[in-house]
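Here is the structure we will look at, set down as structure tokens.
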Amino acid sequence: VQLQASGGGLVQAGGSLRLSCAASGRTFTPYVLGWFRQAPGKEREFVAAITSSGGSTYYTDSVKGRFTISRDNGKNTVYLQMASLKPEDTAAYYCAADRSIATMRYGDSGVDYWGKGTLVTVSS
């Protein structure tokens, strides 16, 4: 079972990036999919999550209105469209999968599956 994130890079403040995370080894259709990030010297934090059907989405306050999470169950892939990027968005971004939205949002140490990070750097 593998989650592979991609799409990170260097972007100027105000710019946009789209992260993708492709799952392999099993279908993740029944799973909540999400994104976390960890900036240098800081703890990992929840960024966004989307329920299995895609009907509900959740965001941390600092990215509301700027980031959009979506998923394509046919491709076993979750996306994070990031706009109006700020230097404080600089971090390694990780995708994750779990059966529980509560675990994804509040108990990430118990998350079932993690992908390797993709680095996003926003220059001022």
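The values are calculated or read from the model by the stated rules, or taken from the named source; none is laboratory data. The structure displayed is predicted, hence computed values, not measured ones. FYI the Cβ positions are ideal-geometry reconstructions off the backbone, even for glycines, and counts take in every protein chain you see. Keep in mind that these areas ignore ligands, DNA and RNA; they rest on the heavy atoms of the full protein, side chains included. Shrake-Rupley method; radii C 1.70, N 1.55, O 1.52, S 1.80 Å.
Of the residues making up the stretch 58-93, those that are open to solvent by 60 Å² or more (accessible area, probe 1.4 Å) and within 12 Å of the chain's Cα centre (by Cα) number 3.
If you filter the stretch 12-37 down to residues that are under 10 Å from the mean Cα position of the chain (by Cα) and among the aliphatic types (A, V, I, L, M), you find that the one that is surrounded by the most Cβ atoms within 10 Å (Cβ to Cβ) is Leu33.
Condition check ((1) touching a residue at least 60 places away in the same chain (Cβ under 8 Å); (2) among the hydroxyl-bearing types (Ser, Thr, Tyr); (3) in a strand (DSSP E or B)) across all residues:
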{"position": "Ser62", "(1), (2), (3)": "no, yes, no"}
{"position": "Ile69", "(1), (2), (3)": "no, no, yes"}
{"position": "Lys75", "(1), (2), (3)": "no, no, no"}
{"position": "Ala96", "(1), (2), (3)": "yes, no, yes"}
{"position": "Leu119", "(1), (2), (3)": "yes, no, yes"}
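Scanning the stretch 38-57 for residues that are polar (S, T, N, Q), touching a strand residue (DSSP E or B) at 6+ places or on another chain (Cβ under 7 Å) and open to solvent by 70 Å² or more (accessible area, probe 1.4 Å) returns a single hit, Gln38.
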